[in-house]
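Q: Dropping the structure in here first, questions after.
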Amino acid sequence: MPNTRLNITLPTPIVDDIKALYGQRGLSQFLEEAAREKLEELKKKAHKGLIEGYQSTAEETKEVLKKFESAVTEKRDV
């Protein structure tokens, strides 16, 4: 996978803590892992919201489809 070089600004204490845990060269690795985890969390929330939205309108959708089916069936029987 290709990489993109970034120039970012973070508070010094955060950078110092990351370097203490990951070493001087581990900053990029840490930020990549953190970004992946955060993106996964956001995607799960978005998908959960979509599913809940579909579920909340499921009964209404069924009723509309029943009415549509009845209308189509009545016209066909004429």
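Rule-based calculations on the coordinates, nothing more; no lab input. From a predicted model like this one, the values you see are computed outputs, not experimental measurements. Positions of Cβ are backbone-derived with ideal geometry, glycine not excepted, and every protein chain shown enters the neighbour counts.
Q: Report whether or not residue 2 is part of a helix (DSSP H, G or I), under 30 Å from the mean Cα position of the chain (by Cα), exposed (fewer than 10 other Cβ atoms within 10 Å of the Cβ) and free of Cβ contacts under 8 Å to residues at least 40 places away in the same chain.
A: No: the conditions fail for residue 2.
Q: Additional query: Could you say which residue among 64, 15 is assigned to a helix (DSSP H, G or I), in contact with a helix residue (DSSP H, G or I) (Cβ under 9 Å, 6 or more places away or on another chain) and of a type in the set (A, V, I, L, M)?
A: Going through 64, 15 in turn, just one is assigned to a helix (DSSP H, G or I), in contact with a helix residue (DSSP H, G or I) (Cβ under 9 Å, 6 or more places away or on another chain) and of a type in the set (A, V, I, L, M): 15.
Q: Every residue in the stretch 29-61 that is in contact with a helix residue (DSSP H, G or I) (Cβ under 9 Å, 6 or more places away or on another chain) and of a type outside the set (A, V, I, L, M), please.
A: Selection gives 29, 30, 54, 61.
Q: Name every residue in the stretch 18-38 that is among the basic types (Lys, Arg) and either within 19 Å of the chain's Cα centre (by Cα) or not in a helix (DSSP H, G or I) (or both), in order of residue number.
A: Listed by number, the residues that qualify are 36, 38.
Q: Suppose we filter 46, 34, 71 for residues that are more than 30 Å from residue 1 (Cβ to Cβ) and among the hydrophobic types (A, V, I, L, M, F, W, C); which single one remains?
A: 71
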